[in-house]
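S.K.: Sending over a structure as structure tokens; questions will come in a sec.
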């Protein structure tokens, strides 16, 4: 196990310590608090490296070290104030904007006092500001800060072009060390930005997939809902028209489900529905569709039916699973199912007609007191 892997749990615990107040808020705010905390900790690490550069590389005179040490100390103090504000649950947008503003002012002063835009070893630090802005806030904020950085750079270069003499601290070998550190910091900041950006993209895709899933699936049973059922049924019919074969639609209704709700309560009724859904999924093939189309009503789309001989076998297997005793928190419960079957293109010409005929067959099975029934031409609900 490398050092980075060992340090990662410690770093995450440190981030969670400061972002703790946002944990019980909405997920987006908690994620933003974690990102801001991470960047503030990175800035504190940058300040620590800055101390090292000043103490090791600057000239021996104490006076030459005083100003940069003072500036770094002030920036470190501000970072800890912001970390404390995150911990206390303050406004995250203000903290993020304050972090960016302080980093910008610090870079501006550092560039000014160390030789201007050409000679300063810290000028590259301005590059990471837009990335930080995007990571902590949004793309529009990053664009605005990019314009600010661009304008600042041109002002510096204009002053340099007209011969303005920038103050230059006696840095000695620190200028080379400073340039190495700033470029390394920019690289690490860019890597952190890419990680946050990738996290944003992946989270956005996951949110979109989650919303799509919730829009197409029943919340209780995780089966397809009526919207996805209609979509799959139409797709199965189109495939049948192009490639031949048949589509079988089965409607399953639970005959003894209402007494379960009345006697044991809706929570136990929900358990029964979940167990039935699991059993139906295990009974059918992966390419078939199981949907919950009503309170205690399920639909099964059987695609690629080449012979009608398999229909009774599937119907018997489905009802055997539905009618088997179910273990719940209230004990073992038994329900019974009635099943109606319609076939495309044998019985119907479109999806709506196929659904209506399966419904007629299901109620025909109930009236005839049989387990399942295939739709016969001329049948109706009357």
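The values are calculated or read from the model by the stated rules, or taken from the named source; none is laboratory data. All figures in this text were calculated on a predicted structure; none of them were measured in a lab. All Cβ positions, glycine included, derive from the backbone under ideal geometry; neighbour counts span all protein chains shown.
S.K.: Taking the conditions exactly as written (at pLDDT 65 or above, outside any helix (DSSP H, G or I) and either surrounded by 11 or more Cβ atoms within 10 Å (Cβ to Cβ) or touching a helix residue (DSSP H, G or I) at 6+ places or on another chain (Cβ under 9 Å) (or both)), does residue 220 satisfy them or not?
M.R.: yes
S.K.: Sticking with this one: Looking for something assigned by TED's automatic domain parsing to the domain that holds residue 32, in a helix (DSSP H, G or I), farther than 27 Å from residue 31 by Cα and modelled with pLDDT under 80 - is there at least one such residue anywhere in segment 122-131?
M.R.: Yes, some residue in segment 122-131 is assigned by TED's automatic domain parsing to the domain that holds residue 32, in a helix (DSSP H, G or I), farther than 27 Å from residue 31 by Cα and modelled with pLDDT under 80.
S.K.: In the list 337, 331, which residue meets the criterion of being more than 26 Å from residue 238 (Cα to Cα) and either more than 44 Å from the chain's Cα centre (by Cα) or surrounded by 13 or more Cβ atoms within 10 Å (Cβ to Cβ) (or both)?
M.R.: It is 337.
S.K.: Moving on to the next point. Please go through (1) surrounded by 19 or more Cβ atoms within 10 Å (Cβ to Cβ); (2) touching a residue at least 40 places away in the same chain (Cβ under 8 Å); (3) in the same structural domain as residue 333 (by TED's automatic domain parsing); (4) within 30 Å of the chain's Cα centre (by Cα) for residue 288 and return the number of the only condition it doesn't satisfy.
M.R.: (2)
S.K.: Do you know which of the residues in segment 247-264 that are surrounded by fewer than 20 Cβ atoms within 10 Å (Cβ to Cβ) and in contact (Cβ under 8 Å) with a residue 40 or more places away in the chain is nearest to the chain's Cα centre (by Cα)?
M.R.: 264
S.K.: Right, next: Please verify whether residue 176 is over 30 Å from residue 288 (Cα atoms), more than 21 Å from the chain's Cα centre (by Cα) and modelled with pLDDT under 80, treating the condition exactly as stated.
M.R.: Yes, satisfied.
S.K.: Next question, about the same structure. Of the conditions (1) at pLDDT 90 or above; (2) more than 19 Å from residue 375 (Cα to Cα); (3) within 39 Å of the chain's Cα centre (by Cα), residue 320 clears all except one; give me its number.
M.R.: Unmet condition: (3).
S.K.: Please verify whether segment 54-71 includes one or more residues that are under 29 Å from the mean Cα position of the chain (by Cα), at pLDDT 60 or above and surrounded by 20 or more Cβ atoms within 10 Å (Cβ to Cβ).
M.R.: Within segment 54-71, not a single residue is under 29 Å from the mean Cα position of the chain (by Cα), at pLDDT 60 or above and surrounded by 20 or more Cβ atoms within 10 Å (Cβ to Cβ).
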